[in-house]
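A quick write-up on the structure given underneath.
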Amino acid sequence: SRQHENYLLSPITFMTAADFKRSWRAYYTEKRIVHQWLQVDLACRLPDVRTVLEVGPHLGLVTAMLAHAGFAVTTLDISDAPPRTGASGHIRSDVRALEAERLRGFDCILCCETLEHIHWPDIDGALGAFARSRSPWLIMSVPYEGTQVGLSLYWNRYVFRKRSFLRKFRALRRYPITDDADFDAHKWEVGYAGHSLAALKRKVEAAGWAVQDQHFTSGCRSVFLVCRNRSVTGDGI
């Protein structure tokens, strides 16, 4: 049986309802909502997945969605406090120093929009710990800034809306790190020089995962990888 840490107190525990509401609305914008939904939808597509370890739950929307979809969710974060709704357990850990033994017993690990907050060489250790946990599945996502274009139009007799974006030539320059010591700041994004999608997949495969599928979201411009643990399927690491 798994032994998880008890819930501990941290400043987020004492966030007022008004502060939490403002933070929640500021983060979960319209452009992000499809990204949050896709995390749950991909988990629902996997066979025999009942228990999920969610790495980096932030304010807990996906945690609550997973719980309402019927999954038993344990969260993992550098913070003491779990999200307010949906988590049945919480592991306090730095993703840069994961212990595989503490991650055992989950059918799926969900790690979305988290790995870009640590340095590129450090993600090898996190991916390896995920694989050594023997969780059969890993769903991960990171920002995608490869060449791409998006256009959305909506019209009725009362309103006209247009949204568009264009990303190009990111591969010609390095990702601009603004604060190397800030854990909240991104350290890299796929599409910049030295950080191609092919390079990310090589890291994932070297850690012991087989990439089964990939998906892209246009609002957040992220790439999702659905990965199978080769040590569980018998293909070896």
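Centre-to-centre separation between the Cα atoms of the stretch 95-137 and those of the stretch 25-69: 17 Å.
Taking every DSSP beta bridge that has both residues in the chain, what percent is antiparallel when rounded to the nearest 5? Within the chain, antiparallel bridges account for around 50 percent of the total. Here's how it looks for MET15: its modeled amide H is under 5 Å from none belonging to a residue 5 or more places away or on a different chain. Computed over protein heavy atoms with a 1.4 angstrom probe, the accessible surface ordering of TRP24, TRP155, TRP37, largest first, is TRP155, TRP37, TRP24. Taking all protein chains as shown and a probe of 1.4 angstrom, PHE216 keeps an accessible surface of around 100 Å².
Of the peptides 74-84, 144-154, the ranking by mean beta-carbon count within 10 Å, highest at the top, reads 74-84, 144-154. Couplings 3J(HN,Hα) of the stretch 29-35, computed from phi: 7, 4, 5, 8, 5, 5, 4 Hz, in residue order, whole Hz [Karplus 6.51 cos²θ - 1.76 cosθ + 1.60, θ = phi - 60°; x for Gly and Pro]. Sorting 92-103, 171-182 by average packing, meaning the other beta carbons within 10 Å per residue, from highest down gives 92-103, 171-182.
At 1.002 mPa s and 20 °C, plugging the Kirkwood radius over alpha-carbon pairs of the chain into Stokes-Einstein gives what diffusion coefficient in µm²/s? So the translational diffusion coefficient is about 114 µm²/s. Across LYS162, LYS168, the residue with the most accessible area heads the list, and the full order at a 1.4 Å probe is LYS162, LYS168.
The slack between LEU172 and HIS119, meaning 0.36 nm per residue of separation minus the straight C-alpha distance, is 17.1 nm.
The values are calculated or read from the model by the stated rules, or taken from the named source; none is laboratory data. Since this is a predicted model, take the numbers as computed values, not measurements. Reconstructed Cβ throughout: ideal geometry from the backbone, glycine too, with neighbour counts over all protein chains shown. Areas reflect the complete protein model, heavy atoms only, side chains present, ligands, DNA and RNA absent. Shrake-Rupley method; radii C 1.70, N 1.55, O 1.52, S 1.80 Å.
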